[in-house]
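The values are calculated or read from the model by the stated rules, or taken from the named source; none is laboratory data. This is a predicted model, so every value here is computed, not measured. Here Cβ is always computed from backbone atoms with ideal geometry, including for glycine, and neighbour counts include all displayed protein chains. Note: areas computed on protein heavy atoms with side chains; ligands, DNA, RNA excluded. Shrake-Rupley method; radii C 1.70, N 1.55, O 1.52, S 1.80 Å.
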Protein chains: 2
Amino acid sequence: VLIEKVDTPFLLVDPVKATRNASRMRERIAALGTGLRPHVKTAKSLDVAAIMFDGGVGPITVSTLREAEAFGQAGYTDIVYAVGIASHKLARVAALRERGVDLVVLLDTVDQATAVAEASKRSGIRIPALIEIDCDGGRGGIAPDDPLLPSLARVLADGGAEPRGVLTHAGESYFCRTEDELVAAAEGERAAAVRAADHLRGAGFDCPVVSVGSTPTALYARDLSGVTEVRAGNYVFFDLVMAGIGVCGVEDIALSVVTTVIGHRPDRGWILTDGGWMATSGDRGTAGQPVDQGYGLVADVHGRIYPDLLMADANQEHGVLRMRDGSTAPLPDVPVDTQLRILPNHACATAAQYDRYHVLGPVGDLQAVWPRIQGW
Amino acid sequence: VLIEKVDTPFLLVDPVKATRNASRMRERIAALGTGLRPHVKTAKSLDVAAIMFDGGVGPITVSTLREAEAFGQAGYTDIVYAVGIASHKLARVAALRERGVDLVVLLDTVDQATAVAEASKRSGIRIPALIEIDCDGGRGGIAPDDPLLPSLARVLADGGAEPRGVLTHAGESYFCRTEDELVAAAEGERAAAVRAADHLRGAGFDCPVVSVGSTPTALYARDLSGVTEVRAGNYVFFDLVMAGIGVCGVEDIALSVVTTVIGHRPDRGWILTDGGWMATSGDRGTAGQPVDQGYGLVADVHGRIYPDLLMADANQEHGVLRMRDGSTAPLPDVPVDTQLRILPNHACATAAQYDRYHVLGPVGDLQAVWPRIQGW
């Protein structure tokens, strides 16, 4: 299919770039001597996961039970659900385990551990859980040396569930600005996880899983001793936030939104497109970075970036393109009906606006449509 | 179904509030002696549209051809597609008209008018178009006295298409802060549309349609002389942005996201939920208003608002609830597994994260699931 024949807006993935990004991460983690457990929450796609595993399957991380169910159905049997468990979701967890999927939950409170233990007892299925460790104060989890850590493992083990290890996420690494900060965030993440694992082992638990990860720390870790697996997901697409942190270049970004020019206002210095925030998401993740990319950088349909042209404003179904403040370049003369690509601030958020990907083919055509897993 | 039995996050609509909001708008527009053409882009739901029309059908506004196709299929035969037309979409427009739907497109350039005329000739179907008028400098459209206005009508008429009238949208009314400003925005919108219609009529065109609208101006217009129809959509749900403008109270908001508490960090002053930006959208529309509501106000499962408690931060699947800055109230003691409702900044954006609504029943139960129309 010719790309010009598809009604805009639509979500475009470049499988060549995604493949290169996936190889880079696999090689990097292999060189560090540990395992990779890709997070499928960015792409939510069996086809993109196949790229992440170079055609095979493997251990994955999910952000919703819907993802776990879809991947479980497709033959992925080793899954970590990396969002703190709510007890009403445990019936679906048990059902998936019953179907042969080794699904592991996450928790950091006694209430949750008790609920997991009770669900294990009730269902006769020993549910494994990781205990969430806080490595940077950003979100959930307990400190590595918190006495609650062995207590939680004890509640699980005594109640018929399985304490399988510890998990942490250096979410604050998204705010790093230099390589030194990224290296330090990665080491902080590793050290917290390993310290927590040692704490658990000192209390008599095995702790076979020591899980860390985020795309920035995965790419900047110098050493992962003591870590058994790295979780990362964004890297398969990358985005402007990641480019702003410095972990990729804008030319590595494998995801874009194709829009059509529907108006020109040279008097106001803008171009109007049919891609608003419904098409790109309202994510403004680069707003807090040194270079604010608005709602996204703009490229032509072949992916060549227009220097200094930004999607500066968004209504539901309208995008407003303008030159970056301070730019001396003229507004490109792009006629009505021209297709343009918008590179996303945040691939996870932009992709979430769609139920499918259009897949770029070798000669700039569209070679496939890949569905996305939606909902919870 | 008991509300507590449904896995969170999910999107909850209160049909009693939506019905009251819809009646208020119908009565208001009827009192002003003009027609109402609800915009279905907020709800994207046949069931919610039925509330807007008190059980019947009527003229609607859409933001995507997918909406036009779904509503056309369901018996809505009078539809305005209020986003500037791109020529590659005209085949779907012609197909809908062939099926008996009076679908009208929007444009403001000669290129678009030429494309509509050519598509009319090619298909043998006379496609009607409204010409977009700019009333506040915010988006698309031409000035009411722009000589381009009759030229566009001429291109349409001579080429076998139908110039049906003018349309404007006071998008800047979302930034009004006082009743006087809202009244002035409404009058500015009306005056621009009527002036444009007079301009067209002076050039020998009929201009049967003079279309204005936005939820704030629809609710604050004092006089709509010369206007044939008002478009508005957000009003059926309302949201915190609308409450911040002052066009509704927070108690009128008919839409919320139900989440579950998955963690407590009283040491950091926060409660963690399983509803992140994937559940609420990343829309921060109140950030520019006098009262910033974060990612949303927080209510209990029955809808009672916790004073000063905000969803202050969001990851993909985690929400962080905190007391508003400066609040002296203590963090509510809400145990893990408790369901909470988050009231949205922007109903259009929050609803867009879901493929369905759960519908609140008369005794706080869930009485139905209503699908949403997704995509383009």
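When the helix-only estimate is applied to chain A (DSSP H runs of n ≥ 4, each -39,500 (n - 2.57), divided by the residue count), what is the mean residue ellipticity at 222 nm, nearest 500 deg cm²/dmol?
Numbers: 11 runs with 112 residues, N = 376.
That comes out to -9000 deg cm²/dmol.
Each other copy places its own label point for A:V363 at 6.6 nm from this one, sorted shortest first, where the point lies 7 Å along the Cα-to-beta carbon line.
Among the listed pairs A:K17/B:K44; A:K89/B:K17; A:K5/B:K121; A:K121/B:K5, those whose Cα-Cα separation exceeds 28 Å are A:K17/B:K44; A:K89/B:K17. Across region B:7-24, rounded Karplus estimates of 3J(HN,Hα) from the backbone phi angles (6.51 cos²θ - 1.76 cosθ + 1.60, θ = phi - 60°) give 5, 8, x, 9, 9, 10, 10, 9, x, 5, 5, 4, 5, 5, 4, 5, 4, 4 Hz, Gly and Pro being marked x. Plainly put, the tip 7 Å out from Cα toward Cβ on A:H88 is 4.3 nm from that tip on each other copy, the closest given first.
Average the reciprocal distances over every distinct pair of alpha-carbons in the protein assembly as shown, invert the result, and give the Kirkwood radius in Å. By the Kirkwood definition, the hydrodynamic radius is 27.0 Å. Averaged over peptide B:280-288, the number of partner chain Cβ atoms lying within 10 Å of each residue's Cβ comes to 3.
Express in % the proportion of alpha carbon pairs of region A:296-375 at distances exceeding 14 Å. Provide the component values of the computation, followed by the final result.
Working: 2239 of 3160 pairs.
Summing the P(r) of region A:296-375 above 14 Å gives 71 percent of all pairs.
Taken along its three principal axes, the alpha carbon spread of region A:1-58 comes to 46, 18, 17 Å, from the longest extent down to the shortest. Just going by the charge dipole of region B:112-243, with Lys and Arg at +1 and Asp and Glu at -1 on Cβ, which of B:F237, B:A203, B:A218 is farthest out on the positive end? Selected residue: B:A203.
Of the residues B:G364, B:L65, B:H169, the one whose Cα sits farthest toward the positive end of the charge dipole of chain B, with +1 on the Cβ of Lys and Arg and -1 on the Cβ of Asp and Glu, is B:L65. Ordering A:42-50, B:212-220 by mean Cβ neighbour count within 10 Å, with the highest value first, yields B:212-220, A:42-50.
Each Lys and Arg contributes +1 and each Asp and Glu -1, all at the Cβ; summed about the Cα centre of chain A, the dipole is approximately 760 debye.
Think of region B:213-350 as having a plus end and a minus end, set by charges on the Cβ of Lys, Arg, Asp and Glu; of B:G303, B:S327, B:Q339, B:S327 sits farthest toward the positive end of this dipole.
In debye, nearest 20, what is the charge dipole magnitude of region B:1-152 about its Cα centre with +1 on Lys and Arg Cβ and -1 on Asp and Glu Cβ, if you could check? Let's see the in-between values first.
Values: 18 positive and 19 negative charges, 79 e Å.
In total the dipole reaches around 380 debye.
Count Lys and Arg as plus one, Asp and Glu as minus one, and take only other residues whose Cβ is under 9 Å from that of B:R284; the net charge is then -1.
Quick one: work out the % antiparallel among DSSP beta bridges in chain B, nearest 5. In chain B, approximately 55 percent of DSSP beta bridges are antiparallel ones. Amide H contacts under 5 Å for B:G296: B:M311, restricted to partners 5 or more places along the chain or on a different chain, H placed in the peptide plane at 1.01 Å from N.
Buried accessible surface for the A/B pair, both sides summed and rounded to the nearest 100, is 4500 Å² with a 1.4 Å probe. For region B:63-126, the equivalent ellipsoid built from the Cα gyration tensor has semi-axes of 19, 13, 8 Å, listed from largest to smallest.
Counting only other chain Cβ atoms within 10 Å of each residue's Cβ, the peptide A:296-308 averages 0. Each copy carries B:E251; placing its label point 7 Å along the C-beta direction from Cα gives inter-copy distances of 6.1 nm, listed from smallest up. When both bridge partners sit in the protein assembly as shown, DSSP labels roughly 55% of those beta bridges antiparallel. Taking amide hydrogens as placed 1.01 Å from N in the peptide plane, the amide H of B:L36 sits under 5 Å from those of B:V230, each at least 5 positions away in sequence or on another chain. Here the Karplus curve 6.51 cos²θ - 1.76 cosθ + 1.60, taken at θ = phi - 60°, turns the phi angles of region B:315-324 into couplings of 9, 4, 10, 10, x, 10, 9, 9, 6, 4 Hz, with x standing for Gly and Pro. What separates the Cα centres of region B:237-261 and region B:4-51 is a distance of 13 Å.
Annotation: amide H-H contacts under 5 Å for B:Y357 (H modelled 1.01 Å from N, sequence separation of 5 or more, or interchain): B:W370, B:R372. Stokes-Einstein diffusion of chain A at 20 °C, 1.002 mPa s viscosity, Kirkwood radius from Cα pairs, rounded to a whole number: 99 µm²/s.
The rotation axis that maps chain B onto chain A passes nearest to the beta carbon of this chain B residue, listed with its distance in whole angstrom: B:G282, 3.
Rounded to the nearest 0.05, what FRET efficiency do B:R177 and B:S327 give with R0 = 30 Å and r taken as the Cβ-Cβ distance? Could you check?
Values: r = 23 Å, r/R0 = 0.77.
The computed FRET efficiency comes out at 0.85.
Place a +1 charge on the Cβ of each Lys and Arg in the protein assembly as shown and a -1 charge on the Cβ of each Asp and Glu, then give the dipole magnitude about the Cα centre in debye, rounded to the nearest 20.
Values: 70 positive and 94 negative charges, 278 e Å.
The calculation lands at about 1340 debye.
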